[in-house]
Amino acid sequence: MHEQLALALEAYRRTSPLVHCLTNTVVTNFTANVVLASGGAPAMVDNPQEAAGFAAIAGGVLVNLGTPQEHTVAAMGLASASARDHGVPWVLDPVGAGGLPWRTQVAVELLDNRPTIVRGNASEVLGLTGGSGGKGVDSTETSENALAAARALAQDFGSVVAVSGPTDYLTDGHRVLALGNGVELMTRVTGVGCALGALMAGFAAATPDALVAAAAATTLLCLAAEEAPKNGPGSFAVGLLDALSTITPDKLADRARLEER
Amino acid sequence: MHEQLALALEAYRRTSPLVHCLTNTVVTNFTANVVLASGGAPAMVDNPQEAAGFAAIAGGVLVNLGTPQEHTVAAMGLASASARDHGVPWVLDPVGAGGLPWRTQVAVELLDNRPTIVRGNASEVLGLTGGSGGKGVDSTETSENALAAARALAQDFGSVVAVSGPTDYLTDGHRVLALGNGVELMTRVTGVGCALGALMAGFAAATPDALVAAAAATTLLCLAAEEAPKNGPGSFAVGLLDALSTITPDKLADRARLEER
Amino acid sequence: MHEQLALALEAYRRTSPLVHCLTNTVVTNFTANVVLASGGAPAMVDNPQEAAGFAAIAGGVLVNLGTPQEHTVAAMGLASASARDHGVPWVLDPVGAGGLPWRTQVAVELLDNRPTIVRGNASEVLGLTGGSGGKGVDSTETSENALAAARALAQDFGSVVAVSGPTDYLTDGHRVLALGNGVELMTRVTGVGCALGALMAGFAAATPDALVAAAAATTLLCLAAEEAPKNGPGSFAVGLLDALSTITPDKLADRARLEER
């Protein structure tokens with residue numbers, strides 16, 4: 001699997017996929033910079049007039065529910081349906097699902113468009129499957145506790161489900177990966193998880209096995225976080241972007257802390 | 001009062017309050033990072049479907065009028081009314097009030113929901129009370145000139161009013177504090193004042209005396225600015241976030257330049 | 001011409017023009033910081049209720065089509081018409097024009113309000129004049145190839161047209177300038193081109209010859225990029241903001257790589 005991570009990063013850099021992001025207003029800038037720094041081509045198109053057409057020609061699509069509004073939710077429905085219809089991989093990040101009723105319903109309806117990857121924290125994954133969700137956007141559950149729900153979700157919708165936490169768990173309903181890279185400061189910068197969703201969409205554009213794509217994107221971001229300075233969240237975020245642009249496929253394979261369960 | 005500032009920072013860090021931000025599109029990212037760096041838990045929920053429900057469970061709420069749109073203004077009305085009804089402290093930052101008619105009317109109507117704290121520059125505070133306002137978002141008045149208006153506003157609505165400037169004046173209509181920390185570079189980075197509104201909401205969640213909460217938040221941000229490097233606005237903003245994560249309650253009390261009038 | 005660039009920067013810094021930005025959600029923060037760092041006064045007012053009134057009192061207006069929504073497009077039409085009617089210079093940045101049908105039509109309609117400056121990459125300039133446009137927001141054409149279209153556009157609408165690329169071409173339909181400053185890392189940070197549009201609006205507020213204004217803004221940003229560290233896109237963006245605040249008019253004239261064709 002380590003070798004496959006290296007190949008996934010190589011493919012991502014070589015193809016520089018167009019990553020169509022429909023994401024929240026807090027993290028648009030950081031998300032675009034994470035995708036750019038690592039070698040992809042981000043574009044935010046989140047109006048109902050253009051979302052479907054753009055998703056059809058994108059390499060991958062991210063739908064993130066951090067700050068939904070009626071018009072962007074309409075665009076998300078259109079983009080994800082178009083992605084499904086055109087065989088474009090798409091990632092659902094159900095930010096706050098479980099804790100907030102409206103977006104939980106939106107997220108559940110988006111599942112019908114069969115996301116390639118669902119990415120969230122434990123509370124959000126549990127929230128998608130009927131749990132009560134966390135406090136705001138932070139998880140109140142451990143990722144271990146969400147693993148059964150993640151596996152069921154993966155099987156029901158043919159998705160890879162990624163549950164973030166100190167250890168990240170990824171499953172396609174059959175295989176389970178546990179990823180151990182990363183540092184605590186990642187939780188003190190807004191949008192690290194949200195940006196990961198965009199990276200996953202980009203990697204899925206370049207690597208057919210979505211479990212490998214999601215694992216490679218996660219490992220790349222976590223390794224960059226390990227390389228960034230630890231003097232505080234400001235310089236950490238800056239160094240994270242720098243590191244994303246320099247980590248090689250070989251280093252990704254060498255330093256990945258990954259276990260197949 | 002210096003001792004109370006230290007206790008307020010301690011309480012903020014210990015409780016890590018959920019800060020519900022309805023703010024402008026320019027500063028969402030920086031605001032979230034300021035709250036996170038200092039120890040709070042930001043969440044931006046600015047749609048009419050969820051704003052009231054989320055405000056009810058938040059620790060504090062920020063309403064910032066920097067880039068109002070019809071749908072976010074609707075959410076702001078709902079969130080602030082819900083905050084008032086549920087005893088959740090909320091902060092009104094009437095960006096541009098006085099200078100722009102629509103948002104001035106919106107701001108005046110929001111006052112009916114009795115903000116715990118009103119935070120603005122001198123032009124905005126004067127604009128809220130019938131003055132003509134500044135040029136765009138920058139003040140054309142000194143904070144000293146707005147002090148009488150601030151005191152009247154505080155008495156009329158039972159609010160703490162904070163007027164930013166080289167010296168920051170804070171009043172609950174009776175007590176007046178003058179805060180002397182800070183550096184000029186704070187005006188060359190967008191969103192420093194806007195982020196302060198979110199910090200005030202977070203501190204008010206943890207400290208019942210809103211005047212103390214507002215003073216502690218202001219002093220923390222100004223001290224972090226004093227500690228940040230002064231090579232230019234880019235590295236200054238990065239260092240500001242780093243410093244927010246390391247300033248201790250003791251340092252806050254020691255270094256505060258605060259005078260009770 | 002080198003002397004005129006220096007005078008343009010001097011005028012910009014002396015007058016600190018109010019730059020009214022209606023721009024995309026990805027780059028609002030970076031755009032505001034670029035304008036602030038270089039010495040201007042940015043304000044984002046993109047609702048239909050206030051856009052016309054604010055444009056009338058602004059120094060310059062930017063309309064950027066990166067993430068259009070129905071309500072912001074309405075505001076853009078009102079702001080640009082008001083700018084035209086009040087003799088306020090305004091800049092059109094038709095992000096994605098040619099590639100995306102809805103915004104292409106929006107951009108073409110905005111041309112009727114006779115932008116002072118049109119700024120885009122080659123694909124976007126070709127897209128405005130009937131070409132097919134690029135992949136997302138990145139150009140698939142060279143700026144040289146767009147020069148004829150740029151000249152025609154400039155003549156038809158009385159605009160200066162700026163085509164970004166490794167060499168930037170600027171024309172008012174008669175004169176042509178080729179600008180050679182800049183570094184490749186500018187394409188690995190989101191919003192550098194978008195922020196340039198705002199700088200152009202600010203410079204045009206202070207310098208009547210829009211070709212000179214556009215050239216000075218471009219050279220300032222490119223020089224700042226040359227001065228910024230090259231360790232990665234994160235620290236590069238930070239250093240770019242620092243450099244914008246320190247580059248002097250003399251240095252601008254000395255270091256400009258500019259050729260009149």
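The values are calculated or read from the model by the stated rules, or taken from the named source; none is laboratory data. No experiment lies behind these values; they were computed from the predicted model shown. Note that we place each Cβ from the backbone using ideal geometry, even for glycine, and neighbour counts take in every protein chain shown. These accessible areas exclude ligands, DNA and RNA; they are computed on the full protein's heavy atoms, side chains included. Shrake-Rupley method; radii C 1.70, N 1.55, O 1.52, S 1.80 Å.
So that you can scan it fast, the table gives a plain yes or no per residue for (1) more than 21 Å from B:PRO166 (Cα to Cα); (2) within 14 Å of another protein chain (Cβ to nearest Cβ):
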{"position": "B:SER82", "(1), (2)": "yes, yes"}
{"position": "B:TRP90", "(1), (2)": "yes, no"}
{"position": "B:ALA97", "(1), (2)": "no, yes"}
{"position": "B:ILE117", "(1), (2)": "no, no"}
{"position": "B:GLY120", "(1), (2)": "no, no"}
Worksheet item: For region C:165-172, does any single residue satisfy the condition of being assigned to a helix (DSSP H, G or I) and either open to solvent by 10 Å² or more (accessible area, probe 1.4 Å) or farther than 17 Å from C:ASP93 by Cα (or both)?
Response: no
Worksheet item: Which one of these does C:ARG103 not meet: (1) crowded, with 24+ Cβ neighbours inside 10 Å; (2) free of Cβ contacts under 8 Å to residues at least 40 places away in the same chain; (3) in a loop (DSSP other than H, G, I, E, B)?
Response: (3)
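So that you can scan it fast, the table gives a plain yes or no per residue for (1) open to solvent by 10 Å² or more (accessible area, probe 1.4 Å); (2) within 13 Å of another protein chain (Cβ to nearest Cβ); (3) closer than 18 Å to C:GLY234 by Cβ; (4) within 12 Å of the chain's Cα centre (by Cα):
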residue: A:LEU196; (1), (2), (3), (4): yes, no, yes, yes
residue: A:PHE203; (1), (2), (3), (4): no, no, no, yes
residue: A:ALA206; (1), (2), (3), (4): yes, no, no, no
residue: A:ALA215; (1), (2), (3), (4): no, no, no, yes
residue: A:GLU227; (1), (2), (3), (4): yes, yes, yes, no
residue: A:LEU244; (1), (2), (3), (4): no, yes, yes, no
residue: A:ASP254; (1), (2), (3), (4): yes, no, no, no
Worksheet item: Of (1) over 17 Å from the mean Cα position of the chain (by Cα); (2) assigned to a helix (DSSP H, G or I), C:ASN47 satisfies all except one. Which?
Response: (2)
Worksheet item: Filter region A:43-52 for residues that are open to solvent by 10 Å² or more (accessible area, probe 1.4 Å) and within 7 Å of chain C (Cβ to nearest Cβ); which is farthest from C:ASN64 (Cα to Cα)?
Response: A:GLN49
Discussion item. Can you pull out every residue in region B:200-257 that is part of a helix (DSSP H, G or I) and among the β-branched types (Val, Ile, Thr)?
Written reply: B:VAL212, B:THR218, B:THR219, B:VAL238
Item to complete: Would you check which residues across region C:175-194 are small (Gly, Ala, Ser), assigned to a loop (DSSP other than H, G, I, E, B) and surrounded by 22 or more Cβ atoms within 10 Å (Cβ to Cβ) and list them?
Response: C:GLY182, C:GLY191
Practice prompt. Give the residues of region A:67-95 that are outside any helix (DSSP H, G or I) and either open to solvent by less than 10 Å² (accessible area, probe 1.4 Å) or among the β-branched types (Val, Ile, Thr) (or both), sorted by residue number.
Written response: A:THR67, A:PRO68, A:VAL88, A:TRP90, A:VAL91, A:LEU92, A:ASP93, A:PRO94, A:VAL95
Practice prompt. Determine whether A:GLU10 is within 9 Å of another protein chain (Cβ to nearest Cβ) and among the acidic types (Asp, Glu).
Written response: no
Worksheet entry | Extreme residue, nearest to the other protein chains (Cβ to nearest Cβ), among residues of region B:54-66 that are surrounded by fewer than 24 Cβ atoms within 10 Å (Cβ to Cβ) and touching a helix residue (DSSP H, G or I) at 6+ places or on another chain (Cβ under 7 Å) | B:GLY59
Fill in: Total residues in region B:112-164, condition at pLDDT 95 or above and open to solvent by 60 Å² or more (accessible area, probe 1.4 Å)
6
Item to complete: Can you tell me which residue among A:SER235, A:SER245, A:SER159, A:SER164 is among the small types (Gly, Ala, Ser) and without any contact (Cβ under 8 Å) to a residue 40 or more places away in the chain?
Response: A:SER235
Practice prompt. Please work out which residue is farthest from C:THR190 (Cα to Cα), limiting yourself to region A:22-41 and to residues that are hydroxyl-bearing (Ser, Thr, Tyr) and either without any contact (Cβ under 8 Å) to a residue 12 or more places away in the chain or at the interface with chain C (Cβ under 9 Å from one of its Cβ atoms) (or both).
Written response: A:THR25
